[in-house]
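The values are calculated or read from the model by the stated rules, or taken from the named source; none is laboratory data. Being a predicted model, the structure only gives us computed values, none of them experimental. Cβ coordinates were reconstructed from backbone atoms using ideal geometry, including for glycine residues, and neighbour counts include every protein chain displayed. Calculation scope for accessible area: heavy atoms of the full protein, side chains included, ligands and nucleic acids excluded. Shrake-Rupley method; radii C 1.70, N 1.55, O 1.52, S 1.80 Å.
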Amino acid sequence: MMNRIFARSSCVLPLTVCLLAGMMFPGCSSSRTDSTADQAEANEASSTSGNGDATQEASSDSTEASFEPPVFEADAEKLLASRLPIERTQQGWIRLFDGHTLFGWAIGGKANFRVEDETIVADQGENCLLTTSTQWSDYELELQFQCDEDTNSGVFVRTTLDPQDVTADCYEVNIAPPSNPFPTGGVVERAKGETFDTDPEKWHTMNILCDGATLRVTIDGTVTCEIDDATRPTTGYIGLQHRDGRIAFKNIQLRPLGLKNLLADGLEGWTVREGMEGEYRIDDDGHLVVDGGKQQLETNAVFGDFVMLAEYKMDDPKSNSGLFFRAIPGDEMMGYECQVSNELIDGNPLKPADCGAGGIFRRQDARVVAGEPERLNSILLVAEGNHFATWVNGIQVTDIVDTRKADENPRRGLRLEPGSIIVQGHDKTTQATYRQIAVAVQTAAEGSE
């Protein structure tokens, strides 16, 4: 089953949307099937546990809890209020949880994960995980949690969707009483760490650093555990566990590590396509300016699975650009396109005029247009196998799995092979400035496509 956004009415702001988040397969999302768009594109292209046994045992039986896929409602105003300040997003920070829906998350069992007061809560049901639909390699994760004295829960990093062996399938940062073999702040079956006493009346801040072979856990400013052999696994989902007792999480944010600005040396490493009218230049601040017509600026390097952070500014609401990825090197814009457009229909952020900032053109529109004219905006794109996800100004706007047949050209089908990145000049109205386009290559997960 998939996450799907439904518009309940066609009125202008505030327009309510519903998000269905149920039992999902790996990476399942709100991706739409649009055979008309597929055909048009083809035509265009041709011209868990505290004891080390993961998440299998049931923690409690209940006749009161509902384990049906939950439905969430959030209007555009609430979603846009969840955006992060540019000073934080320019470092790559995003919200994994928007505070109102479970868009971008998958419930892996019958536990009553739900959203209450901008908090993810679970207190009944099976021992299972709520996981991100996106996999991550190296990053800093920060969140707040609150638990009862006897709660047994955890935060799983670099995990599979259904880990069977905590020594091979994941790293489980435990939230558990001092009597547990791995109390709060330790990594189950890896390192006990320093015992941290939780207070059920307080919110505690947990920071987890996954950086190559280093994994460090900090709670309320105190390092509770650090290991230097975190080499298996190197990539995976992030999971929030329900096992025993009540657990609550909020302010879940992530910053990918290893981003390198491809504009740091100006246009070195890039090629401007000949015979097209638009212009690219580096201004006095070292930023890329795209101006005045159809054009493409293409990287000489190719990228397969990666994280990309772009900061852009377009003063005209109708200005249009794009970031192509896994493009056929040397060809004219034959790749997936991450849209760069702030234009709205009838002033409604839930109705993008042209796919919306962060939308994957002809694959999935942005669920809300979170970019705005006359300000710096950020887009974070993750491409991993056939799954793509984007965040604009810190909130997730797309989550898509490309289920088409394989094809060299992403306009016609699924492309897994590495390709170039292209900055698009769309037409004569295009006037865009990019402060950075930074990329970190992501390690492919074992067994992924």
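What to note about this one:
- Here is the figure for the range 393-415: residues that are surrounded by fewer than 24 Cβ atoms within 10 Å (Cβ to Cβ) and either touching a Ser or Thr at 6+ places or on another chain (Cβ under 7 Å) or closer than 30 Å to residue 90 by Cβ (or both) total 4.
- The residues of the range 175-194 that are outside any loop (DSSP other than H, G, I, E, B) and open to solvent by less than 10 Å² (accessible area, probe 1.4 Å), listed by number, are 175, 187.
- Candidates are the residues of the range 72-95 that are assigned to a helix (DSSP H, G or I) and touching a Pro at 6+ places or on another chain (Cβ under 6 Å); the one that is least open to solvent (accessible area, probe 1.4 Å) is 76.
- Qualifying residue in the range 414-433 (condition: of a type in the set (Val, Ile, Thr) and at pLDDT below 95): yes
- Residue in the range 205-213 that is open to solvent by 70 Å² or more (accessible area, probe 1.4 Å), farther than 15 Å from residue 174 by Cβ, touching a strand residue (DSSP E or B) at 6+ places or on another chain (Cβ under 9 Å) and part of a strand (DSSP E or B) present: yes
- Selection count, the range 227-242, where residues are surrounded by fewer than 19 Cβ atoms within 10 Å (Cβ to Cβ) and part of a strand (DSSP E or B): 1
- For the range 338-351, a residue qualifies if it is of a type outside the set (A, V, I, L, M, F, W, C) and buried (at least 24 other Cβ atoms within 10 Å of the Cβ), and the qualifying residues are 339, 341, 342, 349.
- The criterion of at least 1 residues that are within 21 Å of residue 409 (Cα to Cα) and not β-branched (Val, Ile, Thr) is met by the following strands (runs of 3 or more DSSP E) wholly inside the range 274-333: 295-299, 306-313, 320-327.
- Subset tally (residues that are more than 24 Å from residue 395 (Cα to Cα) and open to solvent by 40 Å² or more (accessible area, probe 1.4 Å)) for the range 253-268: 4
Residue-by-condition table, conditions (1) closer than 22 Å to residue 383 by Cβ; (2) in contact with a strand residue (DSSP E or B) (Cβ under 6 Å, 6 or more places away or on another chain); (3) open to solvent by 10 Å² or more (accessible area, probe 1.4 Å); (4) not small (Gly, Ala, Ser):
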site: 100; (1), (2), (3), (4): no, yes, yes, yes
site: 103; (1), (2), (3), (4): yes, yes, no, yes
site: 126; (1), (2), (3), (4): no, yes, yes, yes
site: 132; (1), (2), (3), (4): yes, yes, no, yes
site: 138; (1), (2), (3), (4): yes, yes, yes, yes
site: 143; (1), (2), (3), (4): no, yes, no, yes
site: 149; (1), (2), (3), (4): no, no, yes, yes
site: 153; (1), (2), (3), (4): no, yes, no, no
